[in-house]
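Q: Next up is a structure, given as structure tokens.
The values are calculated or read from the model by the stated rules, or taken from the named source; none is laboratory data. Here the structure is a predicted model, which is why all the values come from computation and not from measurement. Using ideal geometry, Cβ is built from the backbone for each residue, glycine included, and neighbour counts are taken over all protein chains shown.
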Amino acid sequence: MTALRKFDVSQRDMDADFSGADILILDETFNSRFFSQELTWNGRISSINADYVLGLFFSDEKIRVSRELDWGRQAQAYWNILLSAQGIPAGFANAAAGVTARERMRGSSKSYAGFAHTNVDLGGGFSLLGGLRYSVEKKTGSFAYEYYSPAPNAVFRVLGVSPGPNYSDERTDKAFSGTVGGQFRPNDDIMLFATYNRGFKAGGVNMDANGAGGRTNNPAEVPGAVPLDPTYKPETVNAFELGAKTEYWGGRARTNISLFYYDISNIQVAQFVGLRFTVLNGKSAVDYGMEIENTFKLTDSLILNVDATWIPEAKIKEDAGIDPVLSDHRFRFAPEFQANAAINLDTPINDSANLVGRIQYQYSGPQMINNASLARRGAVNLVNGNVGVRLNSGVTAEIWAQNIFNEIYPSQLFATPLQTGDQNAYLAPPRTFGLRFRATF
């Protein structure tokens, strides 16, 4: 399988301070070129009842980012008021309207991997599966100012925020990952399984104006200053799963249940703290819980699906080396309980058409939604639905609606730039509806 992707974004005159005042303006471009190639070979060893897959993988991505930061017409007045409260005379720090910085970031990622997977039928309802992958990941990242205000009293220079040091760094990670497990079928309606997975996520290089620190880490600004390390470590996980898949009620019902436990080392967490994007490592984390999925064929026309996930523990362990809002706290975007229920309708209207429909209820429990604070949102209840007609010719026409009761809630919070303690929110989609036509040939 071959993939070639190109992604370009250009954004102009963005309100980088997220306020009603004209303080900070941002122009930025993002360019990505991605290529990947995967080769696989499938085979069978009949003498041991084994199926296998062998494969090779390669990918190459190049990233180019540029940003220009401009002070707006009200920036000087804003900083005069803010800094005066800290005893700094009005006008001492310069935030005159115009360009204050131009930034250039470059990155690349190359991945090489070889993998194998096999499934062996042992007879008597027993089977074994196993897989192994060896990966080599090489990533580079750099940051440089093309321009930074030469004014010795530039406001961020006075505050020690920037200019941070220019840097160019790289990281290469090599690792084995894989899986081993077993299955047992005591009869045609029950399958029991247990698996162990070793997962690996490569480290990398942060690409940000403060990726190697602030002004106090910049030897071009402060003689003898030492830049910080812009790299982050690979994340690994030991994952255990135990479960069962069952059919009953004469084949009209199916229940799948699994228990899982994840032990994570060097967990990677992405943070935005108002002016800086970074990926950092926590030493360790643990995540365990249970999932259940149910399907019931109530009638020939109605199918009920009910599933739920319960995760009593999902947190980064205590770690003095990371942000206190992360240490010994629950993962973000990880509610303790979430569930979904849906009824699907598919019934004939006449010999050439069926009435089709679906009504769905989704519940997501309270959760923290900002990696840089302890902010939480409450539980969310959503109802979605669609109804339409499917012709035997393969054409389907439907009316659909998402978030029917128009519940307004934040999907994510983030620290507001230049305003300590303030947060902004990205709202989840409101009620949306429309018409959908599909055709199968």
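Q: Taking the stretch 235-262, which residues are in contact with a strand residue (DSSP E or B) (Cβ under 9 Å, 6 or more places away or on another chain), more than 20 Å from F272 (Cα to Cα) and either acidic (D, E) or not in a strand (DSSP E or B) (or both)? Even if it seems obvious, please write down each step before you answer.
A: Taking the stretch 235-262 first, the residues in contact with a strand residue (DSSP E or B) (Cβ under 9 Å, 6 or more places away or on another chain) are 235-249, 251-262.
Filter once more, keeping what is more than 20 Å from F272 (Cα to Cα): 236-249, 251-262.
E241, E247, W249, G251, R252, listed by residue number.
Q: Can you list residue pairs whose Cβ atoms sit under 6 Å apart, with the first residue in the stretch 194-215 being under 16 Å from R64 (Cα atoms) and the second being among the polar types (S, T, N, Q) and modelled with pLDDT of 95 or more? Count only pairs 6 or more apart in sequence or on different chains.
A: V205/T231
Q: If you don't mind, another one. Identify, from the list V395, V387, V383, V356, the residue that is of a type in the set (A, V, I, L, M, F, W, C) and touching an Asp or Glu at 6+ places or on another chain (Cβ under 6 Å).
A: On the way: V395 fails: touching an Asp or Glu at 6+ places or on another chain (Cβ under 6 Å); V387 fails: touching an Asp or Glu at 6+ places or on another chain (Cβ under 6 Å); V383 fails: touching an Asp or Glu at 6+ places or on another chain (Cβ under 6 Å).
From the options V395, V387, V383, V356, the qualifying one is V356.
Q: Can you find a residue in the stretch 16-31 that is more than 29 Å from Q423 (Cβ to Cβ) and part of a strand (DSSP E or B)? Talk me through it step by step, then tell me what you get.
A: Of the residues in the stretch 16-31, the ones more than 29 Å from Q423 (Cβ to Cβ) are 31.
Okay, now just the ones that are also part of a strand (DSSP E or B), so 31.
So far as the stretch 16-31 goes, yes, one or more of its residues are more than 29 Å from Q423 (Cβ to Cβ) and part of a strand (DSSP E or B).
Q: Can I ask one more? Can you pull out every residue in the stretch 385-395 that is surrounded by fewer than 17 Cβ atoms within 10 Å (Cβ to Cβ) and within 15 Å of D346 (Cα to Cα)? Write out each step before concluding.
A: As a first pass, look at the stretch 385-395 and keep what is surrounded by fewer than 17 Cβ atoms within 10 Å (Cβ to Cβ): 387, 389, 391-395.
Those that are surrounded by fewer than 17 Cβ atoms within 10 Å (Cβ to Cβ) and within 15 Å of D346 (Cα to Cα): V387, V389, L391, N392, G394, V395.
Q: Moving on to the next point. What are the pairs, 6+ residues apart or on separate chains, where a residue within the stretch 263-284 that is at positive phi has its Cβ under 8 Å from a residue that is assigned to a strand (DSSP E or B)?
A: Hits for this filter: N266/E235; N266/T236; N266/N281; N266/G282; N266/K283; N266/S284; G274/A415.
Q: Has the stretch 204-218 got any residue that is in contact with a strand residue (DSSP E or B) (Cβ under 8 Å, 6 or more places away or on another chain), farther than 30 Å from K317 by Cα and outside any strand (DSSP E or B)? Don't jump to the end; show me each part of the working.
A: As a first pass, look at the stretch 204-218 and keep what is in contact with a strand residue (DSSP E or B) (Cβ under 8 Å, 6 or more places away or on another chain): 204-212.
Retained after the next criterion (residues that are farther than 30 Å from K317 by Cα): none.
Scanning the stretch 204-218, I find no residue that is in contact with a strand residue (DSSP E or B) (Cβ under 8 Å, 6 or more places away or on another chain), farther than 30 Å from K317 by Cα and outside any strand (DSSP E or B), so the answer is no.
Q: Restricting the search to the stretch 88-112, which residues are touching a Leu at 6+ places or on another chain (Cβ under 9 Å), surrounded by fewer than 17 Cβ atoms within 10 Å (Cβ to Cβ) and in a strand (DSSP E or B)?
A: Once the filter is applied, which keeps residues that are touching a Leu at 6+ places or on another chain (Cβ under 9 Å), surrounded by fewer than 17 Cβ atoms within 10 Å (Cβ to Cβ) and in a strand (DSSP E or B), the stretch 88-112 yields V99, R102, Y112.
Q: Identify all residues within the stretch 111-143 that are among the β-branched types (V, I, T) and within 30 Å of V65 (Cα to Cα); write none if there are none. Can you show your working first?
A: Narrowing the stretch 111-143 to residues among the β-branched types (V, I, T): 118, 120, 136, 140.
V136, T140 - these are the residues of the stretch 111-143 that are among the β-branched types (V, I, T) and within 30 Å of V65 (Cα to Cα).
Q: Here is a follow-up. Which residues, counting only those in the stretch 332-384, are hydroxyl-bearing (S, T, Y) and either touching a residue at least 60 places away in the same chain (Cβ under 8 Å) or surrounded by fewer than 17 Cβ atoms within 10 Å (Cβ to Cβ) (or both)? Quick ask: steps written out before the conclusion?
A: Start the filter on the stretch 332-384 by keeping residues that are hydroxyl-bearing (S, T, Y), which leaves 347, 352, 361, 363-364, 373.
Residues satisfying the conditions are T347, S352, Y361, Y363.
Q: Could you please find all residues in the stretch 51-71 being surrounded by fewer than 17 Cβ atoms within 10 Å (Cβ to Cβ) and hydrophobic (A, V, I, L, M, F, W, C)?
A: Restricting attention to the stretch 51-71, the residues satisfying the condition of being surrounded by fewer than 17 Cβ atoms within 10 Å (Cβ to Cβ) are 51-56, 58-60, 62, 64, 66.
Of everything in the stretch 51-71, those that are surrounded by fewer than 17 Cβ atoms within 10 Å (Cβ to Cβ) and hydrophobic (A, V, I, L, M, F, W, C) turn out to be V53, L54, L56, F58.
Q: Check whether at least one residue in the stretch 227-234 is over 26 Å from the mean Cα position of the chain (by Cα) and in contact (Cβ under 8 Å) with a residue 12 or more places away in the chain, and report yes or no.
A: yes
Q: Picking from F35, F18, F30, which residue would you name as being in contact (Cβ under 8 Å) with a residue 60 or more places away in the chain, out of contact with any helix residue (DSSP H, G or I) (no Cβ under 7 Å at 6 or more places or on another chain), surrounded by 13 or more Cβ atoms within 10 Å (Cβ to Cβ) and of a type in the set (F, W, Y)? Break it down stepwise before answering.
A: Numbers: F35 fails: in contact (Cβ under 8 Å) with a residue 60 or more places away in the chain; F30 fails: in contact (Cβ under 8 Å) with a residue 60 or more places away in the chain.
On inspection, the qualifying residue turns out to be F18.
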